[in-house]
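Asker: This is the structure I have questions about; it appears just below.
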Amino acid sequence: MKHHDPFRTTPTDSTEDFGPRFRGGPFALFIALFGAFSAGGIGMILWNEGYRLAAGTIALLLGGVALWACWMVIMRLRDRTPRRSSHAVLADVLGFEILCTCRDVAATTFLVPDNLQPGARTTLLIFVENYASRRRVAHLDIGPHQALGLGERQYVSLELAAGQAAVFSLPLTFTANASPGEHDLPMTLQVERPNGTGLRLRASHRHLHDIWKMHFAVPFTLVPQTGAAPDAVRSMGEPRFIGLASLSGAAPTRDQLGKLLQENLAPTVG
């Protein structure tokens, strides 16, 4: 995937990263114990069988992994940063059904409106929320889809501060000759952790399964053309990235989101 300079929200989120760079939870403890016992057991067996070079190599490799995992656990135990809570905007405030996260980033997306005739305008809304205590960069691979004027994939990067929730809006126009019927816009989400893993924030739906890549199929319906067809296809407008909640601010606000939805619930043709 091509990485572009990431969009930053309006208003800018001033929240700084906090907590240890590495999570160092139960899985790291398991790796430390497993690596230590495996290094000793496998090394001893191979040594007794006369494979001393192999024994030393395996013991060194597994022992190194065990020490690295042990160091992560120690850093986690030494961290005294007060735990903070996520606003859980997507699930609790906006009521979206969030089934999993992508490297601690929850996301959902849809078109507003999503039932129009060819030539009409619409907006792709992508809601994202960082459930971690450190910055994330969400990389989006959108399209292609000829009916939406996306002849090639669109690559978008969104920067999220610790605990930040935001919405990205991308204006689109259905082509005048698009075929009526049910369609899906493909989209893929991958997340970068430039400043380390960090901790999972409280009240951020810990039970969610965390994956490395997330795929979406954004549905929309095109109805048959009525009236005169537009003279020309309107080019895409300017995308926007609007902050919805910040750990540095007060309670989440729906004002900016409400304005954005009002702007797009009355689309024009042409």
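The values are calculated or read from the model by the stated rules, or taken from the named source; none is laboratory data. Everything numeric in this text was worked out from a predicted model, so none of it was measured. Cβ atoms come from the backbone with ideal geometry, glycine included; neighbour counts cover every protein chain shown. Quick note on the areas: whole protein, heavy atoms, side chains included, nothing else; ligands and nucleic acids left out. Shrake-Rupley method; radii C 1.70, N 1.55, O 1.52, S 1.80 Å.
Asker: Under 5 Å between amide hydrogens, which residues at least 5 positions from Thr15 or on another chain qualify, with H placed 1.01 Å from N in the peptide plane?
Answerer: Ser248
Asker: Using θ = phi - 60° and the Karplus form 6.51 cos²θ - 1.76 cosθ + 1.60, what ³J(HN,Hα) does each residue of the range 116-128 get, whole Hz, x for Gly and Pro?
Answerer: 9, 9, x, x, 7, 9, 8, 9, 7, 9, 10, 8, 9
Asker: Long-range amide H contacts for Gln117: which residues qualify at under 5 Å (H placed 1.01 Å from N, peptide plane, sequence gap of 5 or more or a different chain)?
Answerer: Residues meeting the criterion, in which the H sits 1.01 Å from N, are Val223.
Asker: Given the Cα atoms of the range 159-200, and with Rh set as the inverse mean 1/r over their pairs in the Kirkwood sense, what is Rg to Rh to two decimals? List each step's numbers first, then the result.
Answerer: Numbers: Rg = 17.1 Å, Rh = 14.8 Å.
Over the Cα atoms of the range 159-200, Rg/Rh equals 1.16.
Asker: Working out 0.36 nm times the residue gap between Asp5 and Arg153, then minus their Cα-Cα distance, what length gain in nm do you get to one decimal?
Answerer: Roughly 51.6 nm would be gained on extension.
Asker: Follow-up. Note down the nm distance, to one decimal, between modelled labels 7 Å out along Cα→Cβ at Asn195 and at Asn115.
Answerer: Going from the Asn195 label point to the Asn115 one covers 4.4 nm.
Asker: Per residue of the range 133-148, in order, report the coupling 6.51 cos²θ - 1.76 cosθ + 1.60 (Karplus, θ = phi - 60°) as ³J(HN,Hα) in whole Hz, putting x for Gly and Pro.
Answerer: Along the range 133-148, the couplings run 8, 10, 4, 10, 10, 8, 9, 10, 10, 10, x, x, 7, 5, 5, 9 Hz.
Asker: Under 14 Å from the Cβ of Gln164, count the other residues' Cβ atoms, weight Lys and Arg +1, Asp and Glu -1, and hand me the total.
Answerer: Values: positive: Arg8, Arg84, Arg134, Arg135, Arg136; negative: Asp13, Glu16, Asp17, Asp104, Glu129, Glu159.
In short, -1.
Asker: Right, another one. Just subtract the alpha-carbon distance of His215 and Ser248 from 0.36 nm times their residue separation and send over the number in nm, one decimal.
Answerer: 8.8 nm
Asker: While we're here: Using the C-alpha atoms of the range 106-213, what convex hull volume per residue, in cubic angstrom, is computed?
Answerer: Expressed per residue, the convex hull around the Cα atoms of the range 106-213 is 104 Å³.
Asker: Can you sort Asp141, Asp5 by 1.4 Å-probe accessible area, starting with the largest?
Answerer: So the residues, ranked largest to smallest area, are Asp5, Asp141.
Asker: For Leu244, which sequence-distant residues (separation of 5 or more, or a different chain) have an amide H within less than 5 Å of its own amide H, given hydrogens modelled in the peptide plane?
Answerer: Counting only residues 5 or more places away or on other chains, the set is Ala165, Ala166, Val167.
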